[in-house]
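Since the structure comes first, as structure tokens, the remarks are kept for the end.
All of the numbers you see were taken from the coordinates with simple rules; none came from a lab. It should be emphasised that the depicted structure is a prediction, and the values quoted were computed from it without experimental measurement. Positions of Cβ are generated from backbone atoms using ideal geometry, with glycine treated the same way; all protein chains shown enter the neighbour counts.
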Amino acid sequence: MSIGDWDIFGDIARLRRDLDRFADRMRPAAASADQEDVWAPPVDIHEMDDMLVLLVDLPGLRREDIELNIQRDSVTLEGARTSAEPGNSLRMERPSGHFLRSFRIGVPVDPGGARAVYRDGVLRITLPRTAPSGPARVRVEVE
């Protein structure tokens, strides 16, 4: 076989299919284990002139399951999602268990002016920008 006969893209596609099959066989075993996974919800952070906005995807959680702490230069988000469907799980793609996300923010924010609204599975956190003074840390109630 010469290098001209080698189908690199075909080999990559076959490797990917093999890895996907392997992962599919491993998921039911992991799903049936009695331990919870740790996961990280996706977060988008947008900077504007007067504030920062964080959007966090948290479908399936209740407001009471979300804890949000804000400091002048960081945001910490913590909670848990349980998987309470009866019966044996055949496929588990929606993560469950404890999560903890913490972000250092490159600009000072006013923790006392922070607001968090949870609607349709998305947590929207608004953080007003400020001079480097004011309260050092607050726990924000999610609306």
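Any chance you could run the full-extension gain for Arg94 through Glu78? It's 0.36 nm times the residue separation minus the Cα-Cα distance, nm to one decimal.
4.0 nm
In nm, give the distance between the simple-model label positions of Asp44 and Asp18, each being 7 Å from the Cα along the Cα-to-Cβ direction.
Between Asp44 and Asp18, the simple spin-label model gives 3.8 nm.
Taking H as built 1.01 Å from N, whose amide H comes closer than 5 Å to the amide H of Ser74, not counting residues under 5 places away?
For Ser74, whose amide H was placed from the backbone, the distant partners under 5 Å are Ile105.
So what are the three principal axis dimensions of segment 60-140 from its Cα atoms, in whole Å, longest to shortest?
54, 21, 15
Of Thr76, Thr130, Thr82, how do they rank once you tally other Cβ atoms within 10 Å and put the fewest first?
Working: Thr76 15, Thr130 18, Thr82 11.
Listed from fewest to most nearby Cβ atoms, that is Thr82, Thr76, Thr130.
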